[in-house]
1. Output needed for region 2-220: three equivalent-ellipsoid semi-axes, defined as square roots of 5 times the C-alpha gyration tensor eigenvalues, in descending order, whole Å.
2. Going highest first, how would you order 203-215, 48-60 by mean Cβ packing within 10 Å?
3. Using a Förster radius of 25 Å, what is the FRET efficiency between R223 and E9 based on their Cβ-Cβ separation? Nearest 0.05, please.
4. Only helices at least 20 Å long along their axis, Cα-based, and averaging -1.0 or more on Kyte-Doolittle count here, so list those DSSP H runs from the chain.
5. Search the structure for amide H atoms under 5 Å from the amide H of M158, placed 1.01 Å from N in the peptide plane, and list their residues when 5 or more places away or on another chain.
6. How long is the gain from R114 to H164 if the chain were fully straight, where each residue apart is worth 0.36 nm and the alpha carbon distance is subtracted?
7. Just tell me which aspartates and glutamates come within less than 18 Å, Cα to Cα, of K83; anything on the same chain fewer than 8 places away is out.
8. What's the local net charge at G100, with K and R +1, D and E -1, over the other residues with C-beta under 15 Å away?
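Derivation of every value follows stated rules applied to the coordinates shown; laboratory data play no part. Predicted, not measured: the structure shown is a model, and the values here were computed from it. Here the Cβ positions follow ideal geometry from the backbone for every residue, glycine too, while neighbour counts run over all protein chains shown.
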Amino acid sequence: MILASTLSETLQRIENAAKAAGRPVPRLLAVSKLQPSAAIAQLAADGQHAFGENYVQEAQAKARELAGLGLEWHLIGHLQSNKAEAAATLFDWVQTVDRGKLVAALARFRPAGRPPLNVLVQVNVDDETSKHGCRPGEVDALAAAIAAEPGLALRGLMAIPTPHADIELRRPAFRRMRELFDGLAARYPSVDTLSMGMSDDFALAIGEGATMVRIGTALFGARPPKT
Ligand SMILES: *Cc1c(COP(=O)(O)O)cnc(C)c1O
């Protein structure tokens, strides 16, 4: 089990991994799913700005409670179409766009007057068993659909590779994601974010070019069970 460390320790580990790989230091997304608002407030007081949530209703409650803190909220869990309106209203980023229907719904429901909703295409890069994420061959069409919507900003790609117990076996998926990302960034100037790497493999993901890592357990400790 991974023990919680302080924010500054985690940031230091991220910086060390980037330096060792000769890469720019990626952004930290603190994954706060199932953690209480008080834990988020604590991390925010330490200087963390961006938080990732998996469930729309849970995020709504927390965002309400913490509204005064000016935090940036990212949806990193699977999004059902019937929650698109709530998601487009609440979040600053949606990292799990994997089908055209969702692109249209998020664009339609993004409130006028808000900045464009930042969007990542979730790619099912190597997990044949997962139902979530588009196939690599579908990225271009989805990216074009997102880029065509004024209410959405195409920022890049996200992936959750198969969690092989042998961490090194995850490397090819991270590498494939970086190739897809470079191809997309060459065509869309707005594309600057490759979201990959979690508590147990972020150093490897940074080595392969992640620009954002999503870290929960290593920051907050073990998650309480979902009720
Ligand atoms: C829960 C979750 C994370 C964080 O996982 P940890 O192993 O706790 O760091 C990252 N990304 C996604 C999509 C998640 O659902």
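1. Numbers: eigenvalues 118, 106, 46 Å².
One finds semi-axes of 24, 23, 15 Å for region 2-220.
2. On the way: 203-215: 23.2, 48-60: 18.8.
Ranked from most to least packed, the peptides come out as 203-215, 48-60.
3. Values: r = 19 Å, r/R0 = 0.76.
The computed FRET efficiency comes out at 0.85.
4. Values: long enough: 7-21 (21 Å, -0.31); 171-187 (25 Å, -0.65).
The qualifying helices are 7-21, 171-187.
5. Excluding prolines and chain starts, which carry no amide H, the hits are V121, Q122, V123, S195.
6. Numbers: separation 50, 0.36 × 50 = 18.00 nm, distance 3.99 nm.
Answer, rounded to one decimal: 14.0 nm.
7. E53, E58, D92, D98
8. 0
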